[in-house]
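Following: one structure in structure tokens, then a few remarks.
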Amino acid sequence: MEPLARTAPPPAGVRVWLLAARPGTLTAAVVPVLVGTAVAAAYGGFRALPALAALLTAMCIQIGTNFANDFHDFQRGADTHDRVGPRRVTQSGLVAPRTVRAAALGTFGVALVIGIYLAVVGGWPILITGLASIAAGWAYTGGPWPFGYHGLGDLFVFVFFGLVALAGTTYVQLHAVPPAAWVAAVPVGALATAILVVNNLRDIATDARAGKRTLAVRLGPDATRVEYVVLLVLAFAAPFALLPFARPWVLLPLASFPLAAGPLRLVFRGQGAELNAALGATARLHLAYGALLALGLVL
């Protein structure tokens, strides 16, 4: 294990920081804000500035979490040369560990500053929600008991990238969370969790060797594939549960179903690096589904 005080690499450029930020994961931050804003609009409560602030805060928390994961996984020995996922900047020596840690804390700090405005607009529930989200982003792989290492990552993603982010976005604009928001949060959280499931399925072998006991490691590959299917079924059943609260347009997300075929096939047939394509395809499914759900809510 390399200490924090190792010789620093040359200053990182924009491309390196984009690699560390992992922009492909930002759909997990964008979609709940988009759908939460659509719920607020459907109930006549759309407010542009709080919606924009919620989006920026969610993106900062996601990027900060990516930086923190890059740093903590390296420190804990979970990232090795056997890694089959996207390149990590700390493990590969592109950025010094101290710098990556500082970037994570700085990005969370930006989220906190924007969150102060949201707390002024939305009150103490938004303050508590924001602080909990930042703490969870750091504790996913950091702290004395990182829950991503103890099989709780899937629950974390469903709660924070589904229920918390969507309901919080709605609340900060509408000052209420109608039933439609809670129902809409279920498919949004399910598909965000499906992205993590593919990620962890891909990394089962390397995570197990590193002592990272993700839910996929605990369940094994076959049960993890079943989990992926269950999450997709939950997502595509949810629009029907929204019908009592919205117009039939809310069934529009069903049009994204063909986008599920490719990643589903890869999840059942692929392994290791082959699943990187399924990861990207699931993120695109999440974005398409979220956009159609948001449209269906406001029509």
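So, with +1 on the Cβ of K and R and -1 on the Cβ of D and E, and no other charges, what is the size of the charge dipole of segment 80-220 about its Cα centre, to the nearest 20 debye?
Values: 10 positive and 4 negative charges, 94 e Å.
Taking the Cα centre of segment 80-220 as origin, the dipole is about 440 debye.
Could you work out the relative contact order of segment 171-299, using alpha carbon pairs under 8 angstrom and six or more residues apart, expressed as a whole percent? Display every interim value, and only then the final one.
Working: 147 pairs, mean separation 40.0, N = 129.
Relative contact order, segment 171-299: 31 percent.
Applying a 10 Å radius around every beta-carbon, put 217-230, 32-45 in order of their mean neighbour count, most first.
Values: 217-230: 16.3, 32-45: 24.6.
Descending packing order for the listed peptides: 32-45, 217-230.
Quick one: compute the contact order of the chain, relative version, from alpha carbon pairs under 8 angstrom and 6+ residues apart, as a percent.
On the way: 479 pairs, mean separation 68.9, N = 299.
Answer for the chain is 23 percent.
Compute the separation of the alpha-carbon centres of segment 71-126 and segment 231-299 and state it in Å as a whole number.
28
Place +1 on the Cβ of every Lys and Arg and -1 on the Cβ of every Asp and Glu in the chain, take the dipole about the Cα centre, and give the residue among His286, Leu251, Gly270 whose Cα lies farthest towards its positive end.
Selected residue: Gly270.
If you take the square roots of the eigenvalues of the alpha-carbon gyration tensor of segment 125-208 and sort them as a ≥ b ≥ c, do you get rounded (a/c under 1.5), prolate (a/b over b/c) or oblate?
oblate
Arrange the peptides 21-31, 197-207, 231-241 so that the one whose residues have, on average, the most other Cβ atoms within 10 Å appears first.
Output ranking for 21-31, 197-207, 231-241: 197-207, 21-31, 231-241.
Near the amide H of Asp79, under 5 Å away, which other amide H atoms are found, from residues 5 or more places off or on another chain, if H is placed in the peptide plane?
Placed amide hydrogens put Phe74 under 5 Å from Asp79.
I'd like the Karplus ³J(HN,Hα) series for segment 29-36: coefficients 6.51, -1.76, 1.60, θ = phi - 60°, whole numbers in Hz, and an x wherever there's a Gly or Pro.
8, 6, 4, x, 5, 4, 6, x
What number comes out for accessible area per residue over the chain if the probe is 1.4 Å? Units Å², please.
Accessible area per residue, the chain: 43 Å².
Could you please state how large a percent of the accessible area of the chain is carbon and sulfur, counting protein chains only and using a 1.4 Å probe?
71
Compare Gly262, Gly137, Gly64 in a GNM of the chain, Cα atoms joined below 10 Å, and give the one with the largest fluctuation.
Top of the fluctuation ranking is Gly262.
If you plug each phi of segment 173-178 into the Karplus form 6.51 cos²θ - 1.76 cosθ + 1.60 with θ = phi - 60°, what whole-Hz ³J(HN,Hα) values come out, in order, with x for Gly and Pro?
9, 9, 6, 6, 10, x
Quickly work out the Gln271-to-Thr80 label distance, labels modelled 7 Å from Cα along the C-beta direction, and quote it in nm with one decimal.
Going by the 7 Å Cα→Cβ label model, 1.7 nm.
The values are calculated or read from the model by the stated rules, or taken from the named source; none is laboratory data. This one's a predicted model, so the numbers in the text were calculated from it and none came from an experiment. Because the Cβ atoms are built from the backbone with ideal geometry, glycine has one as well, and the counts that use them run over all protein chains shown. Side chains are part of the model used for accessible areas, which takes the heavy atoms of the whole protein and leaves out ligands, DNA and RNA. Shrake-Rupley method; radii C 1.70, N 1.55, O 1.52, S 1.80 Å.
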